[in-house]
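Undergrad: What follows is a single structure, and I will ask about it in a moment.
The values are calculated or read from the model by the stated rules, or taken from the named source; none is laboratory data. Predicted, not measured: the structure shown is a model, and the values here were computed from it. Neighbour counts are summed over all protein chains in view; Cβ atoms, including those assigned to glycine, are modelled from backbone coordinates with ideal geometry. Calculation scope for accessible area: heavy atoms of the full protein, side chains included, ligands and nucleic acids excluded. Shrake-Rupley method; radii C 1.70, N 1.55, O 1.52, S 1.80 Å.
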Amino acid sequence: MLLAPLSCNTLAKMSMGLCDNLLMAVYLSATCPIVVAPAMDEDMWKHETTKANLQKIESIGNHI
């Protein structure tokens, strides 16, 4: 499964396991490999929260 572009908002939802839309429902029930392609403002990309969210989703097996 490819999530592209991955917004900062969707990244945060993925890291917290929120299921409030169809995309998140599909993501949380997926049994296949997950690949994400982040796309956001440079300042958002450099924010510590974004880095932590990326580390969290990577630690559970997602590919960035």
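Undergrad: How big is the chain by the Kirkwood estimate over distinct Cα pairs, in Å?
TA: 11.8 Å
Undergrad: With a probe of 1.4 Å, find how much accessible area the chain has per residue, and write the answer as a whole number in Å².
TA: Per-residue accessible area for the chain comes out at 65 Å².
Undergrad: From the helices alone, meaning DSSP H stretches of at least four residues, give me the mean residue ellipticity at 222 nm for the chain, per-run term -39500 (n - 2.57), in deg cm²/dmol to the nearest 500.
TA: Result for the chain: -14500 deg cm²/dmol, rounded to the nearest 500.
Undergrad: Could you work out how far apart the two model spin labels at residue 42 and residue 16 are, taking each label as a point 7 Å from the Cα in the direction of the beta carbon, and quote it in nm?
TA: Going from the residue 42 label point to the residue 16 one covers 2.8 nm.
Undergrad: How far apart, in nanometres, would the label points at residue 32 and residue 52 be if each is projected 7 angstrom from Cα along the Cα-to-Cβ direction?
TA: About 3.2 nm, to one decimal.
Undergrad: Using only the heavy atoms of the protein chains and a 1.4 Å probe, how would 8, 32 rank by accessible area, largest first?
TA: Numbers: 8 35, 32 65 Å².
Order by accessible area, largest first: 32, 8.
Undergrad: List the residues whose amide H sits under 5 Å from the amide H of residue 35, counting only those 5 or more places along or on another chain, with H placed 1.01 Å from N in the peptide plane.
TA: Hits under the 5 Å cutoff: 2, 3, 63.
Undergrad: How much accessible surface area, in Å² rounded to 10, belongs to the heavy atoms of residue 7 with a 1.4 Å probe?
TA: About 50 Å², ignoring ligands and nucleic acids.
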